[in-house]
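Shown next, in structure tokens, is the structure this report addresses.
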Amino acid sequence: MGLDGAGPVNLTGHPASDLEPSWCGGETLIFGSDRDGNFGIYSMSADGSGQLRLTNGPGAESAPACSPSGDKIAYTSNGDGNDEIYVMNADGSGQQRLTADNAADTHPAWSPDGSKIIFVSHRDGNGEIYTMNANGTELTNLTNDASGDSSPAWSPDGELIAFTSNRRGFWDIHLMNPDGSGVFRITDNDDFDDAPAWSRQLSDRLSQRPERRL
């Protein structure tokens, strides 16, 4: 649909569930679907044509995220009996497991330069936000709060990370620096605020205003 919500077009038109779409390289969309029995990762052209299954593992694959260069896709898979972060080439080849923990690791997202992957892990007993290098090395815990943190999203300029946390007793959107410092809450109501996403213009404005730097 357009930016104003006008003219929505059904791209998949399938009786199964199609969800979690995201852009990959500007001309391709990736998404999750259970149309072939279990949830897998699919790709299609921006007009909905050329729908192709990229994964075909024994478990469910979900939450696909394309690298900034468009040549890699990070995703969640429970094919080994537990949710872990995987990466593959944009055509589905070269699937590689990046995390290995008894707790769930989910919802990967790339840094703007493609060097790191941010994700949610429950290895500390609750949802926390971690980063690692794109090859799975140098795992780093960015948040450490008993309430739980989720839905990380890196700003286009790489200066900030938005995420969701219920540390106030309600789920709010927060910002922090890429090293986890300077947590700053930007919503303050008693509703459920979740799944933040950036516009490039907002990212630029925040970076140019010293009083809002974290």
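The values are calculated or read from the model by the stated rules, or taken from the named source; none is laboratory data. Just so we're clear, the structure is a prediction, and the values are computed from it rather than from any experiment. Reconstructed Cβ throughout: ideal geometry from the backbone, glycine too, with neighbour counts over all protein chains shown. Side chains included, ligands, DNA and RNA excluded: accessible areas come from the protein's heavy atoms. Shrake-Rupley method; radii C 1.70, N 1.55, O 1.52, S 1.80 Å.
Measure off, as a whole percent, the carbon and sulfur share of the 1.4 Å-probe accessible area of the chain, all protein chains present.
Carbon and sulfur together cover 48 percent of it.
Using θ = phi - 60° and the Karplus form 6.51 cos²θ - 1.76 cosθ + 1.60, what ³J(HN,Hα) does each residue of the stretch 110-121 get, whole Hz, x for Gly and Pro?
After applying 6.51 cos²θ - 1.76 cosθ + 1.60, I find 8, 6, x, 8, x, 7, 9, 10, 9, 7, 9, 10 Hz.
Taking K and R as +1 and D and E as -1, what net charge do the other residues with C-beta under 10 Å from the C-beta of residue 154 add up to?
With Lys, Arg at +1 and Asp, Glu at -1, the neighbours total -2.
So how far, in whole Å, is the C-alpha centre of the stretch 3-49 from the one of the stretch 71-115?
After rounding, the separation between the Cα centres reads 19 Å.
Just subtract the alpha-carbon distance of residue 6 and residue 71 from 0.36 nm times their residue separation and send over the number in nm, one decimal.
Result: 20.3 nm gained on full extension.
Using only DSSP helix segments of four residues or longer, with each worth -39500 (n - 2.57), what per-residue ellipticity at 222 nm results for the chain after dividing by its residue count and rounding to 500?
-1000 deg cm²/dmol
Please list 164-172, 43-51 highest first by mean number of surrounding beta-carbon atoms within 10 Å per residue.
164-172, 43-51
Report the extension gain between residue 115 and residue 102 in nm, rounded to one decimal, defined as 0.36 nm multiplied by the number of residues separating them, less their alpha carbon distance.
Length gained between residue 115 and residue 102: 2.2 nm.
If amide H atoms are built 1.01 Å from N in the plane of the peptide, which residues on other chains or at least 5 residues away come under 5 Å of the amide H of residue 114?
none
Could you do me a favour and compute the accessible area per residue for the stretch 6-55, 1.4 Å probe, result in Å²?
Ligands and nucleic acids excluded, the result is 52 Å² per residue.
With label points built 7 Å along Cα→Cβ from the Cα atoms of residue 19 and residue 124, find their separation and express it in nm.
2.6 nm
Please give the peptides 191-201, 4-14 ranked by average Cβ packing (other Cβ atoms within 10 Å per residue), highest first, as a rough proxy for protection.
191-201, 4-14
Short version: ³J(HN,Hα) in whole Hz for each residue of the stretch 175-192, in order, from phi by Karplus 6.51 cos²θ - 1.76 cosθ + 1.60 (θ = phi - 60°), x for Gly and Pro, what are they?
These are the phi-based 3J(HN,Hα) values: 10, 8, 6, x, 8, x, 7, x, 4, 9, 7, 10, 10, 8, 9, 9, 9, 9 Hz.
Which order do the peptides 29-37, 116-124 take when ranked by the mean count of other beta-carbon atoms within 10 Å per residue, highest first?
116-124, 29-37
Would you kindly derive the ³J(HN,Hα) couplings of the stretch 65-76 from the backbone phi angles with the Karplus curve 6.51 cos²θ - 1.76 cosθ + 1.60 (θ = phi - 60°), listing them in order in whole Hz, with x for Gly and Pro?
After applying 6.51 cos²θ - 1.76 cosθ + 1.60, I find 9, 8, 5, x, 7, x, 9, 10, 10, 9, 7, 9 Hz.
Tally Lys and Arg at +1 and Asp and Glu at -1 over the other residues with C-beta under 14 Å from the C-beta of residue 79: what net charge comes out?
Here the charged neighbours net out to -4.
Treating the beta-carbon of each Lys and Arg as +1 and of each Asp and Glu as -1, no other charges, what is the dipole magnitude of the chain about its Cα centre, to the nearest 20 debye?
Here the size comes out at about 320 debye.
For the pair residue 170/residue 93, report the inter-label distance in nm, with labels modelled 7 Å from Cα in the Cβ direction.
Each label point lies 7 Å from its Cα, and together they span 5.1 nm.
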